[in-house]
């Protein structure tokens with residue numbers, strides 16, 4: 001692990017095993033709603049309601065780092081606390097190999113979508129929850145059921161699915177041939193005929209682009 005204190009950022013570079021330690025997972029899980037998920041990194045902003053958890057994390061981080069490098073934990077902690085209000089960027093070592101994760105998409109109808117993983121992956125699911133939380137009807141450790149009955153929900157879903165990298169995971173989306181047509185089937189029920197069909201085609205084409213459909 002390496003920690004660099006910058007004027008506007010605490011930069012933590014580490015490996016995936018350390019990222020999965022309980023104290024690290026707890027902190028990131030608590031902040032997932034306002035966290036930016038990047039390729040091989042996450043960016044955590046200050047949340048005033050979680051100040052105590054943030055300070056405890058900085059203490060754990062300082063102690064872990066000091067033990068790894070054999071220097072005074074107290075001295076380094078004082079330095080870190082001076083940067084306590086700055087965003088924390090946790091990034092993986094560049095040599096961490098990417099792992100493929102398959103995410104299945106299924107539309108029951110134009111209002112309800114199921115997102116499912118073949119195996120539990122808390123990081124990918126945490127990302128999806130953070131982006132779609134207000135539309136989640138129910139979920140498990142491998143699935144989310146979404147209410148996408150309005151246009152804003154569909155737009156939010158498109159935006160969430162547009163991201164293909166979460167930490168060192170590379171996401172590939174799998175869906176049946178009727179996913180797009182079911183999702184936008186309600187467009188055909190409007191009375192403005194050709195205009196509606198044109199808008200429907202634009203929406204479908206955009207979704208095909210997002211999902212990189214052939």
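Counting just the residues of the stretch 137-160 that are surrounded by 12 or more Cβ atoms within 10 Å (Cβ to Cβ) and under 16 Å from residue 123 (Cβ atoms), which one comes out nearest to the chain's Cα centre (by Cα)?
160
Scan the stretch 147-169 residue by residue and report those that are farther than 26 Å from residue 99 by Cα and touching a helix residue (DSSP H, G or I) at 6+ places or on another chain (Cβ under 6 Å). So that I can check it myself, show each step before the final result.
Within the stretch 147-169, the first condition is being farther than 26 Å from residue 99 by Cα, and the residues that meet it are 147-155.
Across the stretch 147-169, the qualifying residues are 147, 148, 153.
Does residue 43 fit the bill of being modelled with pLDDT under 90 and over 16 Å from residue 68 (Cβ atoms)?
On the way: modelled with pLDDT under 90: no; over 16 Å from residue 68 (Cβ atoms): yes.
No.
Among the candidates 119, 106, which residue alone is surrounded by fewer than 12 Cβ atoms within 10 Å (Cβ to Cβ) and in the same structural domain as residue 176 (by TED's automatic domain parsing)? Walk me through it before giving the result.
Numbers: 106 fails: surrounded by fewer than 12 Cβ atoms within 10 Å (Cβ to Cβ).
Just one listed residue meets the conditions, 119.
The values are calculated or read from the model by the stated rules, or taken from the named source; none is laboratory data. This is a predicted model, so every value here is computed, not measured. Note that we place each Cβ from the backbone using ideal geometry, even for glycine, and neighbour counts take in every protein chain shown.
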